[in-house]
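The values are calculated or read from the model by the stated rules, or taken from the named source; none is laboratory data. From a predicted model like this one, the values you see are computed outputs, not experimental measurements. Note that we place each Cβ from the backbone using ideal geometry, even for glycine, and neighbour counts take in every protein chain shown. Side chains are part of the model used for accessible areas, which takes the heavy atoms of the whole protein and leaves out ligands, DNA and RNA. Shrake-Rupley method; radii C 1.70, N 1.55, O 1.52, S 1.80 Å.
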Amino acid sequence: QVQVVESGGGLVQPGGSLRLSCAAFGSIFRINDMGWYRQAPGRQRELVAFITSAGSTNSADSVKGRFTISRDNAKNTVYLQMNSLKPEDTAIYYCYAVVWALGTDSARDYWGQGTQVTVSS
């Protein structure tokens, strides 16, 4: 079927940078939107950023100017470049892809397992 796998989380000091990657694998006909959510302890999951298949992007106000989302359609991969990280960016980051799998009649969301990002000195 379809799997979504994230990588790139870790521990970084405030002001530092991390790059998250997320690739979709499997019986894929087409991928529509791809993006990232995050969930901090005791808080609701929130949308961080997303990118359409045509390359249009949108992001949360809290990360504008610091995070950049991009994708490589040939590799079915989406990236999240995170700069000027703050302690409040600490969360589990989840990737999603809206995938039309082969043999199906509509697209649906597929989610990764999550990757921990910790911003601390």
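Within region 16-29, the set of residues being touching a Phe, Trp or Tyr at 6+ places or on another chain (Cβ under 7 Å) and either at pLDDT below 95 or aromatic (Phe, Trp, Tyr) (or both) comprises 29 only.
Looking at residue 4, is it in a strand (DSSP E or B) and β-branched (Val, Ile, Thr)? Break it down into steps so the answer makes sense when it comes.
Details: in a strand (DSSP E or B): yes; β-branched (Val, Ile, Thr): yes.
For residue 4, the condition - in a strand (DSSP E or B) and β-branched (Val, Ile, Thr) - is met.
Only residues that are more than 14 Å from residue 92 (Cα to Cα), open to solvent by 40 Å² or more (accessible area, probe 1.4 Å) and of a type outside the set (D, E, K, R) were counted in region 30-39, giving 1.
Please note which strands (runs of 3 or more DSSP E) are completely contained in region 19-91 and include at least 1 residues that are among the aromatic types (Phe, Trp, Tyr). Can you show your working first?
On the way: elements: 28-39, 46-51, 57-59, 67-72, 77-82.
Counting at least 1 such residues, we get 28-39, 46-51, 67-72, 77-82.
When restricted to residues that are more than 12 Å from the chain's Cα centre (by Cα) and open to solvent by less than 30 Å² (accessible area, probe 1.4 Å), region 99-114 contains 2. For region 54-73, the condition of being under 18 Å from residue 3 (Cα atoms), surrounded by 13 or more Cβ atoms within 10 Å (Cβ to Cβ), in contact (Cβ under 8 Å) with a residue 24 or more places away in the chain and under 15 Å from the mean Cα position of the chain (by Cα) holds for at least one residue.
Just wondering, is there one or more residues in region 16-29 that are surrounded by 15 or more Cβ atoms within 10 Å (Cβ to Cβ) and of a type in the set (Lys, Arg)? No: region 16-29 contains no residue that is surrounded by 15 or more Cβ atoms within 10 Å (Cβ to Cβ) and of a type in the set (Lys, Arg). The lone criterion from (1) modelled with pLDDT under 95; (2) under 28 Å from residue 1 (Cα atoms); (3) open to solvent by 70 Å² or more (accessible area, probe 1.4 Å) left unmet by residue 42 is number (2). Among residues of region 77-98 that are closer than 17 Å to residue 21 by Cβ and crowded, with 22+ Cβ neighbours inside 10 Å, none has a Cβ under 6 angstrom from a residue that is among the aromatic types (Phe, Trp, Tyr) and at pLDDT below 95 at a sequence gap of 6+ or on a separate chain.
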